[in-house]
Each structure stands twice: as C-alpha cells, then as structure tokens.
Amino acid sequence: MKLAIIGTGYVGLVTGTCFAEMGNHVTCIDIDEQKINNLKQGIIPIYEPGLEDMVKRNFEKGNLHFSTSLKEGMQDAEIAFIAVGTPMGDDGSADLQYVLAVAKQLGQNMDKPMVVVDKSTVPVGTADKVKATIKAELEKRGLNLDFHVVSNPEFLKEGAAVEDFMKPDRVVIGADDEGALEKMRQLYASFFRTHDRFIAMDIRSAEMTKYAANAMLATKISFMNEIANICERVGADVNHVRIGIGSDRRIGYSFIYPGCGYGGSCFPKDVSALLKTADSVGYHPQLIAAVDGVNQRQKHVIVEKIVKRFGENLGGMTFALWGLSFKPETDDMRDAASLVIIEELTKRGAMVKAYDPKAMPEAKKHYFNGNTSISYAEQKYRVLENAEALILLTEWKEFRSPDFGELKKQLKNPIIFDGRNQYNAFKLEEKGFEYYQIGVKGKG
Ligand SMILES: NC(=O)c1ccc[n+]([C@@H]2O[C@H](COP(=O)([O-])OP(=O)(O)OC[C@H]3O[C@@H](n4cnc5c(N)ncnc54)[C@H](O)[C@@H]3O)[C@@H](O)[C@H]2O)c1
C-alpha cells in the first residue's frame with residue numbers, strides 16, 4: 001500500500017519504517033527540514049535499537065522516502081497517518097494545534113478519497129475535530145470527497161519500539177466505516193503471523209483505550225512507589241514485598257518496580273490530559289489525580305536522602321550521576337527524573353558530573369545548554385573522581401554490575417544513592433559502601 005506518515009518523530013519514524021519493512025511504499029513527512037535532510041543521508045535523529053539499519057535498508061530499497069512537503073508525500077497515498085506531537089498545553093490538556101494543523105493541510109491538498117489515521121495520542125472527540133477540519137477545507141475548494149478518519153493509537157515503548165511495532169500485543173482500530181476498517185485490517189495483516197491481534201471498536205473507545213492503558217501503567221508505578229515509601233518507614237523491604245505480591249497472577253510481576261517516578265514523553269502528559277478530559281465533562285477522577293501527585297513527589301525522594309546525608313547546603317560538593325534518560329535504551333529525556341534531581345542538587349549549590357550511554361547529546365542540546373553546574377564524561381568511571389557520592393538513576397545494563405573496586409577508588413566517599421529498584425545482590429554494605437535505596441528499611 002502507499003502510505004503517508006505525517007510527523008517523523010519517535011512514533012512516525014518507527015511506524016513508517018516498519019510499514020516499509022513489510023513491503024509498503026512509505027513517505028515520512030516532517031516540517032523539520034534538518035531532520036528530513038539528515039534522514040536522507042542516513043543520519044537517524046533518535047536512538048532506538050534496530051531502527052537505524054531498518055531505515056537505511058528500506059531507504060536504499062526505495063520503500064521508504066522522506067519529504068518536507070505534505071502535498072508531495074500524500075500523492076497517491078491510500079492512507080495518511082497523523083503522528084505529530086500532542087504535548088501538554090499550559091492548562092495540562094493535550095495541545096492539539098499540531099494535529100489540527102495537519103488536518104487543515106490534508107483538507108487543502110486531498111484530491112481523492114483516502115483514510116486519515118489519528119496515530120498521535122489524542123483526547124476523546126479529536127477524530128471528530130480532524131474530520132470537521134478536513135471537511136471545511138474541502139468545502140472551501142468545492143470538493144466532497146469520501147474520506148474517513150479512524151483512530152489507531154500507538155502502544156510502542158521507547159527502547160523497544162521496533163520490536164513492539166513488528167510484533168504488537170494488539171492493534172486497536174476505532175472506525176465508523178466498514179471500508180476504512182477493512183483497509184486497516186489489510187495493512188496490519190502482515191504483522192500477525194500466528195494469530196490475529198486486531199481489535200476493532202468505535203472511534204471514541206479507541207481514543208479512550210490509549211489513555212486508559214497509560215493511566216493504568218502509571219497507576220501501577222505510583223502505587224508501588226507509595227508502598228516503597230511506606231516500607232522504608234516501617235522497616236520492610238520493598239524487594240521482598242514486590243516478589244510477594246507479583247506471584248499473585250491477578251497482580252503479576254511487571255510494572256511493579258518502585259523508583260524515582262515515571263517520566264518520558266507519554267505518561268506524565270497523558271495522565272494530565274485524561275484528568276483534563278474528565279474535568280471537561282464534570283467528573284473529578286480522584287485516583288488518577290493522586291497517581292500524578294505521587295509521581296511528582298517521588299522525583300524528590302533521592303534528593304531528600306542526599307540532603308539528609310549531606311545537609312541542605314551542598315555548596316562546594318560534586319555528585320556523580322549515572323543515567324540521564326527517563327529509562328534505558330533511549331536518549332529521550334522528556335520529563336526524566338534526572339531533570340528534577342539535577343535541578344534540586346544544583347539549586348543547593350552542588351556540581352553534577354553526569355554520564356549516560358546515549359542521552360548526553362540530548363542533555364547538552366535541549367536541557368542544560370550553558371549550565372555550568374553540570375559537566376559530562378564519555379566514560380562512566382570518569383565522572384567519579386572526587387565526587388561525594390554516586391547517584392544511579394536509569395537501569396542501563398552497563399550499570400548493573402560495575403567495577404566496585406573502581407568506584408571505591410575514585411569516589412571521595414564510598415556512597416551510592418540508587419534510584420533504580422535494584423536487589424542488593426552485591427551486598428554493598430559488606431563491601432564497605434553506604435548504600436541508599438528506595439523502599440528498603442534503614443535506607444531512608
Ligand atoms: N514516544 C512514544 O513512546 C509514544 C508512544 C505512543 C504514542 N505516542 C504519541 O505519538 C505522538 C507523537 O509522539 P512522538 O514521541 O513521536 O513525538 P515527536 O516529538 O518525537 O515527533 C513529532 C514530530 O512531528 C513533527 N511535526 C510537527 N508538526 C508537523 C506538521 N505540521 N507536519 C509534519 N510534521 C510535523 C515534528 O517536527 C516532530 O518531528 C504523540 O501524540 C505521542 O503522545 C508516543
């Protein structure tokens with residue numbers, strides 16, 4: 001099939017590349033000229049395992065194209081995917097300006113029937129707005145084309161995006177037209193080799209499904225963070241508690257790791273947008289509001305431990321920090337716990353020396369540009385020298401089993417603050433470390 005993907009970010013680039021991999025003819029469109037020029041030269045704007053090879057392979061084969069022109073990119077396309085950002089607006093709701101700008105352009109350029117897909121995460125009712133925007137533009141041009149808008153929320157996880165897209169747990173499609181639904185079914189059929197995981201529903205339910213999924217996952221994290229904070233205070237160990245409850249199949253082991261709060265480009269803004277949606281229909285969701293509140297507080301827990309150990313004034317002190325991205329296997333730092341932690345430490349006069357396997361260019365460019373309180377090193381042991389302590393934030397594999405002898409040699413004090421949930425298999429206290437964890441008795 002011929003496809004246009006509008007918005008070539010994490011979701012757009014992965015979506016377009018995976019559809020191209022399945023033999024479709026795809027054009028990825030973006031307004032960011034530099035991004036498109038780079039992609040044409042094989043320079044991939046994000047880090048995502050497996051993506052670079054797949055982009056290059058399909059570009060060379062001629063299955064995957066890049067363009068800054070929506071008019072050119074949607075020529076002959078049977079399906080156009082809207083995959084632009086829906087960031088948090090000033091009032092906490094999803095900002096739909098990019099989605100509706102694309103809808104307007106689609107209406108200005110459409111010259112034959114097509115299916116328009118909302119792949120961006122958008123609040124309930126957005127497909128109606130997209131449809132009305134396209135229709136109004138077509139009417140201005142005196143056209144009455146048989147186009148359909150469907151909802152196809154994306155569930156990929158950054159860090160495993162290609163894998164998730166190629167082997168989806170489910171593909172949710174919200175449609176009010178049989179023909180459009182059938183086209184989507186055909187497009188995705190090649191992704192289901194063993195059994196069908198295509199879930200069809202009405203448009204509003206599909207839009208809501210994405211928010212419900214993210215709110216549920218965020219709830220599991222905030223719940224476990226609450227339990228961890230209680231564990232610390234009552235002399236329990238959250239690692240045992242987690243395993244104890246996970247063994248109940250109704251609860252399960254996944255997504256019940258405590259830590260320093262969820263971040264990334266989705267959970268914070270989607271939880272907030274869901275609250276706003278509920279608000280707009282006169283309902284106050286108490287649980288979801290608390291999930292958000294718990295998460296914001298959790299981002300301060302590591303700093304509270306540092307202040308308790310070193311005092312409120314951290315002037316003249318340097319801290320080594322491993323892990324800037326909001327989770328491993330990505331360079332994405334949107335709403336990462338590291339942002340809050342670095343701000344709180346430097347506000348108290350501390351210097352931070354940071355290392356991350358992938359996110360340092362992102363940190364330098366978008367977050368701490370010109371900030372002299374933070375410096376970086378290209379190798380993890382190089383940030384340790386003379387640091388008061390090491391702060392561990394992201395579960396990158398290379399942090400799992402470091403050289404503890406080297407840590408002890410380089411650090412000013414053998415102190416580790418661990419914001420990940422890490423079973424203390426290394427018995428760090430026995431190795432002479434002061435080891436602070438989240439949710440473990442005596443580590444508060
Ligand atoms: N990142 C994820 O893990 C993830 C997962 C599931 C769903 N989503 C949702 O998918 C959507 C996209 O997220 P993302 O992380 O890919 O965003 P992103 O910020 O990485 O990419 C968005 C891209 O859209 C481009 N863009 C903006 N306006 C445009 C226009 N008029 N025409 C063409 N391109 C335009 C931007 O330049 C940017 O490259 C969001 O709604 C997000 O909530 C994201």
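Thinking of the stretch 318-406 as a set of Cα atoms, what percent of all their pairs are more than 21 Å apart?
Numbers: 815 of 3916 pairs.
Taking all Cα-Cα pairs of the stretch 318-406, the fraction more than 21 Å apart is 21 percent.
Report the Cα centroid-to-centroid distance between the stretch 400-444 and the stretch 15-89 in angstrom, as an integer.
43 Å
What do you get for the angle between helix 286-298 and the principal long axis of the chain? Use alpha-carbon atoms, 0 to 90 degrees, nearest ten.
For helix 286-298, the angle is close to 50 degrees.
Excluding ligands, DNA and RNA, what is the solvent-accessible area per residue of the chain at a probe of 1.4 Å, expressed in Å²?
On the way: 19990 Å² over 444 residues.
That works out to 45 Å² per residue.
Hand me the tally of lysine pairs in the stretch 268-353: alpha carbons under 18 angstrom apart, and the pair either on different chains or 8 or more positions apart. Let's see the in-between values first.
Working: Lys269/Lys299; Lys269/Lys327; Lys299/Lys308; Lys299/Lys327; Lys299/Lys347; Lys305/Lys347; Lys308/Lys347.
Lysine pairs satisfying the spacing and distance rule in the stretch 268-353 number 7.
Across all directions of projection, what mean area in square nanometres is found for the Cα convex hull of the stretch 224-280?
Details: hull surface 21.2 nm².
It is 5.3 nm².
Work out the length of the dipole vector of the chain about its Cα centre, built from +1 on the beta-carbon of each Lys and Arg and -1 on the beta-carbon of each Asp and Glu, and round it to the nearest 20 debye.
Working: 56 positive and 60 negative charges, 190 e Å.
Here the chain has a charge dipole of around 920 debye.
Using only the Cα atoms of the stretch 1-151, what semi-axes does the equivalent ellipsoid have when each is the square root of 5 times a gyration tensor eigenvalue? Give whole Å, largest first.
Details: eigenvalues 130, 69, 31 Å².
They are 25, 19, 13 Å, listed from largest to smallest.
What does the convex hull of the Cα atoms of the stretch 1-45 come to per residue, in Å³, rounded to a whole number?
Values: hull volume 2.9 nm³, N = 45.
Roughly 64 Å³ of hull volume per residue.
Filter Lys131/Lys220; Lys119/Lys167; Lys220/Lys397; Lys210/Lys365 down to the pairs with a C-alpha to C-alpha distance above 25 Å, please.
Numbers: Lys131/Lys220 35 Å; Lys119/Lys167 17 Å; Lys220/Lys397 23 Å; Lys210/Lys365 31 Å.
The answer is Lys131/Lys220; Lys210/Lys365.
Taking the alpha-carbon distance from Lys35 and a cut-off under 18 Å, which aspartates and glutamates remain once sequence neighbours fewer than 8 residues away in the same chain are dropped?
Glu48, Glu52, Asp53, Glu60, Glu72, Asp331, Asp332, Glu362
So, in Å, what gap is there between the alpha-carbon centers of the stretch 170-230 and the stretch 296-347?
Each part reduced to its Cα centre gives a spacing of 33 Å.
Would you work out the Kirkwood radius for the stretch 360-444? I mean one over the mean of 1/r across all pairs of different Cα atoms, in Å. If you can, show how the numbers build up before the last one.
Numbers: mean 1/r = 0.0707 Å⁻¹.
Answer for the stretch 360-444: a Kirkwood hydrodynamic radius of 14.2 Å.
From the square roots a ≥ b ≥ c of the eigenvalues of the alpha-carbon gyration tensor of the stretch 14-75, which class results: rounded (a/c under 1.5), prolate (a/b over b/c), or oblate?
oblate
Determine the principal axes of the Cα atoms in the stretch 93-203, then give the extent along each, sorted from largest to smallest and rounded to whole angstroms.
Extents along the principal axes, in whole Å: 46, 32, 22.
Give me Rg/Rg_expected for the chain, where Rg uses Cα atoms only and Rg_expected = 2.2 N^0.38 Å with N residues.
Numbers: Rg = 23.7 Å, N = 444, 2.2 N^0.38 = 22.3 Å.
Normalised by 2.2 N^0.38 Å, the Cα Rg of the chain equals 1.06.
Taking 1 over the mean of 1/r across every pair of different Cα atoms in the stretch 126-276, what Kirkwood radius in Å do you get?
On the way: mean 1/r = 0.0541 Å⁻¹.
It works out to 18.5 Å.
If the chain between Thr68 and Ala189 were fully stretched, how many nm would it gain, using 0.36 nm times the residue separation less the Cα-Cα distance?
Details: separation 121, 0.36 × 121 = 43.56 nm, distance 2.93 nm.
So the chain would gain 40.6 nm between Thr68 and Ala189.
Would you mind listing how long the stretch 216-321 runs along its three principal axes, going by Cα atoms, in whole Å with the largest first?
Taking max minus min along each principal axis of the Cα atoms, the stretch 216-321 gives 51, 35, 24 Å.
Lysines within cross-link reach of Lys61: Cα-Cα under 19 Å, excluding same-chain residues under 8 positions apart?
Counting by Cα, and skipping residues close in sequence, Lys61 has these lysines nearby: Lys2, Lys40.
The values are calculated or read from the model by the stated rules, or taken from the named source; none is laboratory data. Computed from a predicted structure; not experimentally measured. Cβ sites come from the backbone with ideal geometry, for glycine too, and all protein chains shown count toward neighbours. Side chains are part of the model used for accessible areas, which takes the heavy atoms of the whole protein and leaves out ligands, DNA and RNA. Shrake-Rupley method; radii C 1.70, N 1.55, O 1.52, S 1.80 Å.
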